Amino acid sequence: MDTKKEFMEFGKSKLNQWKGMIEELELQLSLGKAEAKDAWEKESKNLKKFFRQQQAQFEKADAQNKDQRITLVRKLSELSSVLRKEEAKSKRSFDNFRKQTLKLIHEVEYMLREIISDSPERSSRQLTELRNPLDVYRIQLALSEYDTRQKLSRPQNELEVVLDKTIQIIDRENNLDGNSVERFMEEISQSFNHLKHAFSEIL
């Protein structure tokens, strides 16, 4: 499951609950401020504890996802480099190229399955787009022989183009990702401060 999306939805749900709690506390004011204040202090502590715990989990999950994407970029760059090597001049060198390239493609495909759902939206779309040319090239390479290697030119060129675009997008997302985490946590923090301010006005 997408950890970031899950946390955002959970965070929004919690904030809505606390907003509802403020409305309930307004009604309690008619019974006396002491009861309402006690209820607010209890919920405020719960919110602070939830915020600290979720922030730590969110940052940990985000760091793990970013590490996975950095590793993927390295693997994609390695694959791109292998594809751009000088064309094999013998059956033996072609067989070595095919074996090395298929191994890299299998590693990339495994990594894609692991990280697509937890990647930022644009990266996720691009990784999904990469799957088709990767799959087409893998199948054609597996079926090719030295004598039929010319048939690989078109699918290889198409794969190279998508690889370059993917590496570029994921690199950019990795550089921006920390900022998006900080921005989201700041939004949650501002919402909490708004709730505190609203309740202080009620009392």
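The values are calculated or read from the model by the stated rules, or taken from the named source; none is laboratory data. Please read all numbers here as calculations on a predicted model, not as lab measurements. Cβ placement follows ideal geometry from the backbone for every residue including glycine, while neighbour counts extend to all protein chains displayed.
Things to note:
- Selection of segment 119-152 for residues being more than 15 Å from Val73 (Cβ to Cβ), crowded, with 17+ Cβ neighbours inside 10 Å and either within 16 Å of the chain's Cα centre (by Cα) or aromatic (Phe, Trp, Tyr) (or both) yields only Tyr137.
- Boolean, Lys49 is over 27 Å from Val161 (Cα atoms) and either of a type in the set (D, E, K, R) or at pLDDT 85 or above (or both): yes
- In segment 90-149, the qualifying residues are those that are out of contact with any Ser or Thr (no Cβ under 9 Å at 6 or more places or on another chain) and not in a helix (DSSP H, G or I), and the one that is farthest from Thr166 (Cα to Cα) is Ser90.
- Scan of segment 150-159 for residues that are within 19 Å of Ser90 (Cβ to Cβ) and either charged (D, E, K, R) or not in a helix (DSSP H, G or I) (or both), ordered by number: Lys151
- Within segment 63-100, restricting attention to residues that are under 21 Å from Leu112 (Cα atoms) and of a type in the set (Ser, Thr, Tyr), the residue that is surrounded by the most Cβ atoms within 10 Å (Cβ to Cβ) is Ser80.
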